[in-house]
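Below is one structure, written out as structure tokens; the observations come after it.
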Amino acid sequence: MTPRSKPANLRFRLYTVLMVLGLASTALVVRAVDLQVVRKDFYQDEGDSRYLRDIPIQVSRGTIFDRNGEPLAVSTPVESIWGNPQQLLAHPEQLPKLAAALGVSNAELTERLVQRKDKEFLYLKRQLDPDAARELLDLEIPGVASERAFRRYYPSGEVLAHALGITNIDDRGQEGLELAFDDWLAGKPGLKRVIRDLHGHVVENVEMLREAQPGRDLVLTLDRRIQYLAYRELKAAIAEHDASSGSMVIIDVSNGEVLAMVNQPSFNPNSRISINPAFRRNRAVTDVIEPGSTMKPFTIAAALESGQWKPTTAIDTTPGTLQLAGGYTIRDFRNYGVINLTRVITKSSNVGAAKIASSLSSEHMYDVFHRFGFGEVSGCGFPGESPGFLPISKSWGPVEKATISYGYGLSVTPMQMAQAYAALANGGRLRKPGFVKGAVNPDVAVIDPQIAQSVRAMLETVISPEGSGLAAAVPNYRVAGKTGTSRRAAGGSYELRYVSMFAGMVPATNPRLVGVVVINDPGQGKGAYYGGLVSAPVFSKVMSNALRLLDVAPDNVQHWYAGGPDAGHPIGPASAPPVYPPDQPNYEEAVPQ
Amino acid sequence: MGMRLVVVLVLMLVVMASAIGVVYARHEGRRQFIELNRLNSERDNLNFEFGRLQLEQATWAENNRIEQIARGRLGMVAPSTTEMIETTR
């Protein structure tokens, strides 16, 4: 036995062990505090992110209905197939199957995947109908999944294309009413938190973070049937007269609601590929035209308001031309001699209108035109609406005043024209044209009801064998309206291109509908181009059917028109629409050279 | 002493009941959330179906198509002015 030189220091050993144990447990406590208190949030988040996911809830865009509840634009769900390039490239043997299902070549697909090989998301095919998407998903290729989206369909196609506009691939409004009411229609996507398993399947819903708010529906004032009639007749007239484009607007006088707004050429809003921008233009509110003679009723209204003129006041238009200072000559189609104010409208006399204007102050004429809404956006709320152009009265010289009196030197949109005629039809009270059914739309007085009534009576004489608008006659109804034919201004000079117009109201005794027809470039410099020959028949055809659809009581039973020598002759069993006698081409009106 | 024991026992029972109650409420909450989601998605699917049917109906009732069939296949015509009589109700 080896004797111990020193006895063991038991006390020292004991302290050492105690100290080590004490340090160890302190370390444990510190670590525990660190994990449970100090870094709790971080670890909690890390843990949650392993299985919790916030996923958006898609909402559909509201449906657009016409005034009778017919759907015009409907969003239905479609599936967008997406893939994870990393996962797909890890299984190259699956790619040919996938490529075949997508309808692309294997090489093409592989190339697309390789381009995005550092990403985890790639749309393989967007907007597939749900059945086709199910077929694709049933192949059970790893890394392929689908995502719900919505696609907008327009069952009326071309007929309503301009009015409704279009949405983009993300279902947001791009043009037309889809854009104007985008916030109303769009809705807000919701967000919910779910627990997902390793494969991405949702195991459990945890909570709703944000309630989804589906898009709201919109009921328009447009009537699909009348819209179709206008579309059909306008298209036929444009084909018949070899014209380049045209528009028609129909307004309900009683409430300012737009019943129809069509344009040609049109496009199919259901196909997104390559739509010519010129076809997409909603000409009824974006394109301006010089109104020509359709402006004369407002000059006459100014004349009546001035108190210097009565419908029977005589004007000498001999010799059918009027020489203004500076060598500017105004022409009538022929010499109408001494005529009264009514006859100026019936015959569409430029000389008469210019002579009337010369007696009025520029400020007064401007004021009347402006009150009728010219020179300002109509306020119908359509995106991209043009205000037209009405020069301020200070800039009017004698020539400008004369030309403006018969509709040159200012420009208007077809919608503004319809709004102004609707004010005449509504007893001199102007309403903004509206597109939303049931919207509050107060009217404002712009002219004395008596004057509006007188102008309407004058406009009725246009729809007679004596006037320029006989072809606008609607059987069983009295029509009041005005034709217009103008040269198209281009590059500062007037070309051999015409604009044919007709603006009118029916039934004239208590107007319900106002219609404006504008046709550009009829006849292409060769055929007929007068408003009374090109646009007036469109008005007649559309209105005769629209009045029937709206069940408007006739005010002229069994007659074509109310004025002229044939007035009172009933419509016979085989009577064709009235035509001018061959020796009396009263549809002709003077067009400035 | 006996009184205190009773109180403690009762409180223990209450705690147990409350614990089970929490579990039950949580379970019930989840169950109802799942039910709510199921009903929501059922509503959505019915809405989508309705939308599709509306679309289909509108496509079939497209004015141009109706007109083609009425004029072409059925030989219908719009009555002329003289064939119409005015009635008042």
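Tabulated results
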{"quantity": "Tensor-based shape of region A:20-110 (alpha-carbon gyration tensor, a/c under 1.5 rounded, otherwise prolate or oblate)", "calculated": "oblate"}
{"quantity": "Cα-based convex hull volume of region A:431-493 per residue, rounded to whole Å³", "calculated": "203 Å³"}
{"quantity": "Over chain A: helical MRE at 222 nm, DSSP H runs n ≥ 4 each giving -39500 (n - 2.57), nearest 500", "calculated": "-9500 deg cm²/dmol"}
{"quantity": "10 Å Cβ shell holding at most 10 others, DSSP loop, trypsin sites (Lys or Arg not before Pro): longest site-free stretch of chain A", "calculated": "A:5-525"}
{"quantity": "Partners for A:K541 among aspartates and glutamates (Cα-Cα distance below 18 Å; same-chain residues under 8 apart left out)", "calculated": "A:D223, A:E233, A:E240, A:D252, A:E460, A:D551, A:D555, B:E67, B:E83"}
{"quantity": "Point-charge dipole on Cβ atoms (K/R +1, D/E -1) for the protein assembly as shown, about Cα centre, debye to 20", "calculated": "2200 debye"}
{"quantity": "Distance histogram in 10 Å bins (all Cα pairs of chain B, percent per bin)", "calculated": "12, 15, 14, 13, 11, 9, 8, 7, 6, 4, 2, 0"}
{"quantity": "Rg over Rh [alpha-carbon atoms, Kirkwood Rh] for the protein assembly as shown", "calculated": "1.25"}
{"quantity": "Whole-Hz ³J(HN,Hα) from phi, Karplus 6.51 cos²θ - 1.76 cosθ + 1.60, for region A:378-393, glycine and proline x", "calculated": "5, x, 6, x, 7, x, x, 5, 8, x, x, 8, 10, x, 5, 4"}
{"quantity": "Three principal axis lengths of region A:131-289 [C-alpha, angstrom, descending]", "calculated": "68, 37, 25"}
{"quantity": "Residues A:L324, A:L185, B:L55 arranged by fewest to most Cβ contacts within 10 Å", "calculated": "A:L324, B:L55, A:L185"}
{"quantity": "Shielding of B:49-59 by partner chains, average beta-carbon count, 10 Å", "calculated": "6"}
{"quantity": "Coarse-grained scattering of region A:56-109 at q = 0.17, 0.20, 0.29, 0.30 Å⁻¹, given as base-10 log I(q)/I(0) from a Debye sum over alpha-carbon atoms", "calculated": "-0.69, -0.78, -1.15, -1.20"}
{"quantity": "Relative contact order of region A:149-192, pairs being alpha-carbon contacts under 8 Å that are 6 or more residues apart, as %", "calculated": "26 percent"}
{"quantity": "Of A:K40/A:K125; A:K40/A:K117; A:K355/A:K437; A:K437/A:K482, pairs whose Cα-Cα distance is over 32 Å", "calculated": "A:K40/A:K125; A:K40/A:K117; A:K355/A:K437"}
{"quantity": "Kirkwood-based Rg to Rh ratio, region A:93-141, C-alpha trace", "calculated": "0.96"}
{"quantity": "All aspartates and glutamates inside 14 Å of A:K192 as judged from Cα atoms, apart from same-chain residues fewer than 8 positions distant", "calculated": "A:D54, A:E204, A:E207, A:E211"}
{"quantity": "Scaled radius of gyration (Cα, divided by 2.2 N^0.38 Å) that region A:392-501 gives", "calculated": "1.26"}
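Computed from the coordinates by the stated procedures, all read-outs in this text should not be read as laboratory data. None of the values given here were measured: they were computed from a predicted structure. Cβ coordinates were reconstructed from backbone atoms using ideal geometry, including for glycine residues, and neighbour counts include every protein chain displayed.
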